[in-house]
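Every number in this text was worked out from the coordinates using simple rules, so none of it is lab data. This is a predicted model, so every value here is computed, not measured. Neighbour counts are summed over all protein chains in view; Cβ atoms, including those assigned to glycine, are modelled from backbone coordinates with ideal geometry.
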Amino acid sequence: MTTCPDEIDKSLINRLQDDLPLETRPFAAIGRELGLSEEEVLQRVHRLKEDGILTRFGPFFDAAALGGAFCLCAMSVPAVQFDAVMTKVNAHPEVAHNYEREHALNMWFVLATESAGEIASVARRIEAETGLEVLLFPKEREFFIGFRVAA
Amino acid sequence: MKPDAIDRKIIEATQSGLPLVAAPFAAVAAQLGLAEREVIDRIETLKRAGVIRRIAAAPNHYKLGMTANGMSVWDVDDAQVDLLGESIGALPFVSHCYRRPRALPDWPYNLFAMVHGQSRAEVHEKCVEIAGILGKACTRNDVLFSSRILKKTGLRLRRKED
C-alpha cells in the first residue's frame, strides 16, 4: 500500500534530487542537513523507492560518455498501419524507447547502438521493413539541466 | 576523458542504482574488490569529467502529480540557439534540452525541450514562459504531447564482448 509522502518525505525528495555528498556516510550528512538520523533517512529512502515515488537513486551518467551512440528518430505513420509499424520498430533491440505523439510525425523513438555508424544502418533497415522514411535528429548539443520535481 | 576498465566496472555496478546502505561507496568497493577511497576518488574524477552529472534520486513525476509532459520544439536563430539553450535547460520544469538538426521542409525546429507540468494547460503555460525567454530569436514553435508509451527500456552500458 502506497503511503502519501509526508512533509519530511517531501523535504527528502527535494534534497535527494541534488547531489549526494561524496563521503563515507553520505546519508548521515543529508540527515544532518535535514535534522534526521542516518537511519531515518535510509528507512524513508527505502520506503519511497518501494512505493515507486523514487524510481532510482544513483549516479546520472552522460549517456554518450558511457560509449555508444544515441539518436532520436521520428516517423510519420498512417493510422491504419500504426500497430504493424510499431511492432516492426519495437522488434529492434536498438530501439530504447518509443512514444506515440500527436503530430504528423507521430512515432518518436530513440536508437541506442554501440557505434555511430550503426544508427544509420538500423534506420535504413526500419525504412526497408516499413516502407516509411525515418528522420534522424541526433543531438548536436546537450544543455545543462536544472530540472527538479517539487514534492 | 575515457573511462578505463575499473571506471567501467564502477559504472556497471552503479548504473541500476547505488546500494541504499549507510556506506554505499564501501559496498560498491567490496563488490568490486576495490578500496572505498579508490571508488570515491574515481567517482569524483568521473564527475569532474562530466561522465557522472550528479548522484541523486530520480522521482516518479507521475506519482508526484506531474502527469503531463510535452516535447516542446522551437525554431531558433542559429546564431543565438546555444546561448538561449542554456537558459531553457536551466528551467526547473525542463527535463531534457537539446539542439538538434532541422529536417526541412517538414521540420523547422532546432531546439527541443521536454516540459513537465500537472496538466497540459500547465505545460502550455510553461511554453509561454519559454517563448518569452526566446523572444524574437524564435519564429515558430510547437509542442508534441505523447499519447502512448510504445516501448520503454532503460539505457544500459553494453559490454563490448556481448
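Below, the figures for the structure above:
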quantity	calculated
Cα centroid separation, segment A:95-151 to segment A:3-33 (Å)	34
Whichever aspartates and glutamates have a C-alpha closer than 18 Å to that of A:LYS10, once near sequence neighbours (fewer than 8 apart) are set aside	A:ASP18, A:ASP19, A:GLU33, A:GLU38, A:GLU39, A:GLU40, A:GLU50, A:ASP51
Space enclosed by the convex hull of the alpha-carbon atoms of chain A, per residue, Å³	168
Cut-off under 5 Å, modelled amide H: who pairs with A:LYS139 long-range	A:LEU72
10 Å Cβ neighbours from other chains, averaged over peptide A:77-90	1
Overall dimensions of segment B:1-96 by Cα: Rg and Dmax, Å	18.1, 52
Under 5 Å, built H, 5+ apart or other chain: amide partners of A:GLN17	B:ALA57
Theoretical ellipticity at 222 nm over chain B - DSSP helices of four or more residues, -39500 (n - 2.57) apiece, nearest 500	-10500 deg cm²/dmol
Whole-Å distance, taken between Cα centres, linking segment B:97-127 and segment B:3-19	33
Helix runs (DSSP H) in chain A reaching 20 Å along axis by Cα, Kyte-Doolittle at least -1.0	A:116-130
Calculated log₁₀ intensity ratio I(q)/I(0) where the Debye formula runs over C-alpha points of the protein assembly as shown, q = 0.09, 0.10 Å⁻¹	-0.52, -0.64
Shielding by other protein chains, A:93-100, mean Cβ within 10 Å	5
Selection from B:TRP74, B:LEU104, A:ALA63, by position along the positive dipole direction of the protein assembly as shown (Cβ)	A:ALA63
18 Å Cα-Cα reach of B:LYS9 towards lysines, excluding residues that sit fewer than 8 places from it in its own chain	B:LYS47, B:LYS160
Shielding by partners, peptide B:136-146 (average Cβ within 10 angstrom, other chains)	2
Long-range HN-HN contacts of A:ARG101 with modeled amide H, under 5 Å	A:MET107, A:TRP108, B:SER147
Over segment A:7-50: Kirkwood hydrodynamic radius from C-alpha pairwise inverse distances, Å	10.4
Residue-wise HN-Hα coupling along segment B:44-57, computed from phi with Karplus coefficients 6.51, -1.76, 1.60 (Hz; x: Gly, Pro)	4, 5, 5, 5, 4, 7, x, 5, 9, 7, 6, 10, 7, 8
Over chain A: helical MRE at 222 nm, DSSP H runs n ≥ 4 each giving -39500 (n - 2.57), nearest 500	-11500 deg cm²/dmol
Protection-proxy order for peptides B:109-120, A:129-140, each taking the mean of Cβ atoms within 10 Å per residue, highest first	B:109-120, A:129-140
Descending principal axes extents, chain B, alpha-carbon based, whole Å	56, 36, 30
